[in-house]
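Below is one structure, written out as structure tokens, with a few remarks after it.
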Amino acid sequence: MHSLTEALTRSHEERLVAGGARRADVQQALRDTRQQMAVRRGARLEETVALRRACAEDAAARRAGVASTLADFGRARTEMAASQRSALAQATADRQADVRGLAASAQQALRDIHTARSASAAALHAELGRGREDLAQRVGAFLDDTRAARTARAAEQRQALRQGHAALAVPRASLQIAVATILEGFHTARQALAQDLAASQQTWHRFAHTMQARRAGVASNFPAPRMEAAPVMAEAAETAQVAAEQPTPPETAEGEATPAAGEEATFASPRVASEDTIFSYLADHPDGVRLAELQEHFGTSRQRLTQILYRLSEENRARKDDERGLYFAT
């Protein structure tokens, strides 16, 4: 323990001696550094003074050079401006002379054009006058020939119509009776077909209602079928008979025969737009009917016809071909 204490004491003393030596070295280094910094500061001050003196001399030289350059530039600009003013004045004078010459040439050309146009207009006016008179004469002659030909053709047509009416006076009555008989049979067959289609539709509805009731598990209460009497078209024959007893229709002023009073009643058909009439019209045209044709035939708006056709489609009595836009009876 004693030896350890002595060793620690010696070590402490050695460290104190070493620390004193290092402190002395550091102080000496600080003194040397301050001396060097003082020397460098003096040198830098001398260099700064010399640099300021050189910059002042250089600035003076630059100012003198710039002043000289500006003076030279001013003299050159003055000379150039004088030269440009002289050249511009000369060019302006030359252009004014050219413009005066062009104006004189243009005025002379305009006078020549006006003179030539006046002469040409006078000649053209005279030629147009002669052409107008010639055209008027030709048109008058053409109209006279046309009027004469039309009068002769009208007389021939009146004569031919009189002969045709005289030849058709006897067969017309029998033809009207035959047509009325055919129409009566056709309408009777069409009404029978409509009743058959209505019965088929009623059967289909009854079947659909029964199947729906069976699926729902309830009793079917479908109403009893309602039978409607078909209209009789017997008036057609009577109307045709009355038309047959009418005299030969008189001729108009142009030679055309006016229709007899019974003809319109004989060939007229009911055009009331309803489901049955539209269905009958579609059945009469198996090739299909367009909506515009139905509108023209029944004289009804497109909206009402569309609603009726929609109801017929719902009842499976009509269908539409969307590609061709045609309606068919089913």
**Prompt:** Does any residue in the stretch 99-124 that is of a type in the set (D, E, K, R) come within less than 9 Å, Cβ to Cβ, of a residue that is surrounded by 10 or more Cβ atoms within 10 Å (Cβ to Cβ) and part of a helix (DSSP H, G or I) six or more places away or on a different chain, and which pairs are these?
**Reply:** none
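For the stretch 302-330, name all the residues that are in a loop (DSSP other than H, G, I, E, B) and either of a type in the set (V, I, T) or within 22 Å of R190 (Cα to Cα) (or both). Even if it seems obvious, please write down each step before you answer.
Step one: filter the stretch 302-330 for residues in a loop (DSSP other than H, G, I, E, B), giving 315-317, 322-325, 330.
Matches in the stretch 302-330: E315, N316, R317, T330.
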**Message:** Checking G42 against (1) modelled with pLDDT under 90; (2) surrounded by 10 or more Cβ atoms within 10 Å (Cβ to Cβ): exactly one of these is not met. Which one?
**Reply:** (1)
**Asked** Do we have any residue at all in the stretch 214-230 that's out of contact with any His (no Cβ under 6 Å at 6 or more places or on another chain), at pLDDT 75 or above and under 24 Å from T330 (Cα atoms)?
**Response** no
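Residue by residue, here is whether (1) at pLDDT 75 or above; (2) under 28 Å from N316 (Cβ atoms); (3) not assigned by TED's automatic domain parsing to the domain that holds E314 holds:
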position	(1), (2), (3)
T151	yes, no, yes
Q157	yes, no, yes
L161	no, no, yes
I177	no, no, yes
T188	yes, yes, yes
L193	yes, yes, yes
T203	yes, yes, yes
F207	yes, yes, yes
**Asked** So, of the residues in the stretch 278-330 that are within 24 Å of T203 (Cβ to Cβ) and surrounded by fewer than 12 Cβ atoms within 10 Å (Cβ to Cβ), which turns out to be nearest to the chain's Cα centre (by Cα)?
**Response** E314
**Prompt:** Which pairs do you get when a residue that is in contact (Cβ under 8 Å) with a residue 12 or more places away in the chain, found in the stretch 288-302, comes within reach of a residue that is surrounded by 17 or more Cβ atoms within 10 Å (Cβ to Cβ) and in a loop (DSSP other than H, G, I, E, B), reach meaning Cβ atoms under 7 angstrom, with the pair 6+ apart or on two chains?
**Reply:** F298/A273; T300/A273
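The values are calculated or read from the model by the stated rules, or taken from the named source; none is laboratory data. Model, not experiment: these values are computed from the prediction. No Cβ is skipped: glycine too gets one built from the backbone with ideal geometry, and neighbour counts run over all protein chains shown.
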